[in-house]
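Asker: Questions regarding the structure given below will be posed in turn.
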Amino acid sequence: MAVLPEQVIYMDNNATTRVAPEVLDAMMPYLTQFYGNPSSMHTFGGQIGQAINQARQEIASLLGAEPSEIVFTSCGTESDSTAILSALQTNPEKNHLVTTRVEHPAVKNLCDNLESFTGRKYHVTRLPVAADGVLDMQRFKESLTDDTAIVSVMWANNETGVLFPVEEMARIAKERGILFHTDAVQAVGKIPIRLKETAIDFLSLSGHKLHAPKGVGVLYVRKGTPYIPFMNGGHQEHGRRGGTENVASIIGLGRACVLAAEKMAEENTRVRALRDKLEQGLLSTIPKSLLNGHPSQRLPNTANISFEYVEGEAILLHMNQYNICASSGSACTSGSLEPSHVLRAMGVPFTAAHGSIRFSLSIYNTAQEVDFVLATLPGIIAKLRALSPFWEDQ
Ligand SMILES: *Cc1c(COP(=O)(O)O)cnc(C)c1O
């Protein structure tokens, strides 16, 4: 049976977000009246190019970048692939990549496949993280070699919200003449970003993680950075990405970036306070629960909590009966019993990694919703533990 949006307590915003009503309003004319192709010679189509360039400006402004540095893509995954494959192609004599053990599959699986399926041409260093999910900068410096073509490190982790010092890492890479890419899909709109003041060469973002639609993304390419397109075709995006523009979604993404700049203070005060209340409430009322990830070096909206001796999937199913939406640490590998690669990299014990739940909030969450989850979850965990053979031994 269908679950209606107004019945849902949605705390899964790192998986995807609702399209903001203002974003939809901005998009509608481009789905109805203004359907022309921006590449057309006639004014009816050509004028849409101006709207696209306004969106480009709005996005550049949120990133502290130049409009000419913004390339539209179909998603965060395409942006990640484009950056990494471009760096390998523009550095044909280099065969080494540096990344982390906790990247999103969009970077992780590309790096894994480059190593396995390209005639062993490439080798990859995957930097470890400490128990709180933080990177060891000394290890990072030692990993860079004369053969390193690119460093790809996420700005914020999608499972734990842990932030990495990508600005400092980019500076270190630049000193060695190495390109630096950051998957900032979870960071954009949640923390301030001024790309002009950094040495970052490539940055990926995705519309549907900041209240724009699914199926639109951006790759920021620093001016002067050598670049080879991933998608070849027409002259769209000044030859940097072929394919007719996803006009309405691009307009929506521009509007979403303006909104994100306006709401960033709220994200870092009201949303952070809701997240903290939820987190502290759960940790203090539920025995054997623990926070995964650094307590402060973290996004304001994300709380990843392990409930020992219960299965994350079982918790989610019970939460689902109350229409509470969240994710478990093994959601990305659903179908397998493997806990998430992120929690494994942090060395979270097996009994805790299996019972991890990620709550990711947005500006649309309310204090009442947090209170409802705090009133509901302890009972769910107690019920599941009563059934658990592992819990009995405690
Ligand atoms: C969601 C996400 C992606 C993938 O973005 P898509 O637009 O869904 O392809 C990449 N990296 C991170 C960190 C993400 O959270």
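Residue-by-condition table, conditions (1) surrounded by fewer than 18 Cβ atoms within 10 Å (Cβ to Cβ); (2) within 17 Å of the chain's Cα centre (by Cα); (3) touching a residue at least 40 places away in the same chain (Cβ under 8 Å):
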{"position": "Asp183", "(1), (2), (3)": "no, yes, yes"}
{"position": "Gln186", "(1), (2), (3)": "no, yes, yes"}
{"position": "Arg222", "(1), (2), (3)": "no, no, yes"}
{"position": "Gly252", "(1), (2), (3)": "no, no, yes"}
{"position": "Cys257", "(1), (2), (3)": "no, yes, yes"}
{"position": "Thr269", "(1), (2), (3)": "yes, no, no"}
{"position": "Ser284", "(1), (2), (3)": "yes, no, no"}
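Asker: Being away from the ligand (no atom under 16 Å from the Cβ), touching a residue at least 40 places away in the same chain (Cβ under 8 Å), more than 13 Å from Arg255 (Cβ to Cβ) and assigned by TED's automatic domain parsing to the domain that holds Tyr220: is that true of Ile48 here?
Answerer: Yes.
Asker: Here's something else I'd like to know. Answer yes or no as to whether Leu85 is open to solvent by 60 Å² or more (accessible area, probe 1.4 Å), modelled with pLDDT of 95 or more and either assigned to a helix (DSSP H, G or I) or within 16 Å of the ligand (Cβ to nearest atom) (or both).
Answerer: For Leu85, the condition - open to solvent by 60 Å² or more (accessible area, probe 1.4 Å), modelled with pLDDT of 95 or more and either assigned to a helix (DSSP H, G or I) or within 16 Å of the ligand (Cβ to nearest atom) (or both) - is not met.
Asker: Is there a residue in the stretch 132-153 that is within 12 Å of the ligand (Cβ to nearest atom) and buried (at least 22 other Cβ atoms within 10 Å of the Cβ)?
Answerer: yes
Asker: With the requirement that a residue be surrounded by fewer than 17 Cβ atoms within 10 Å (Cβ to Cβ) and among the β-branched types (Val, Ile, Thr), what does the stretch 10-37 give you?
Answerer: Thr16, Thr32
Asker: Another question, then. If we scan the stretch 194-207, do we find a residue that is crowded, with 24+ Cβ neighbours inside 10 Å, away from the ligand (no atom under 16 Å from the Cβ) and assigned to a loop (DSSP other than H, G, I, E, B)?
Answerer: yes
Asker: Any residue that is open to solvent by 20 Å² or more (accessible area, probe 1.4 Å), more than 11 Å from the ligand (Cβ to nearest atom), on the phi > 0 side of the Ramachandran plot and not acidic (Asp, Glu) - is there at least one of those in the stretch 162-178?
Answerer: Among the residues of the stretch 162-178, at least one is open to solvent by 20 Å² or more (accessible area, probe 1.4 Å), more than 11 Å from the ligand (Cβ to nearest atom), on the phi > 0 side of the Ramachandran plot and not acidic (Asp, Glu), which makes the answer yes.
Asker: Hey, can you tell me all the residues within the stretch 334-392 that are within 28 Å of Leu127 (Cα to Cα), open to solvent by 30 Å² or more (accessible area, probe 1.4 Å) and not hydrophobic (A, V, I, L, M, F, W, C)?
Answerer: Those that are within 28 Å of Leu127 (Cα to Cα), open to solvent by 30 Å² or more (accessible area, probe 1.4 Å) and not hydrophobic (A, V, I, L, M, F, W, C): Ser334, Gly335, Ser336, Glu338, His341, Arg344, Gly347, Pro349, Thr351.
Asker: Follow-up. Among (1) assigned to a loop (DSSP other than H, G, I, E, B); (2) over 16 Å from the mean Cα position of the chain (by Cα); (3) closer than 27 Å to Gly293 by Cα, where does Ala65 come up short?
Answerer: The number of the failed condition is (3).
The values are calculated or read from the model by the stated rules, or taken from the named source; none is laboratory data. Being a predicted model, the structure only gives us computed values, none of them experimental. So basically every Cβ, Gly included, is an ideal-geometry build from the backbone, and we count neighbours across all protein chains shown. Ligands, DNA and RNA are stripped out before the accessible areas are found, and what is left, the full protein with its side chains, is counted by its heavy atoms. Shrake-Rupley method; radii C 1.70, N 1.55, O 1.52, S 1.80 Å.
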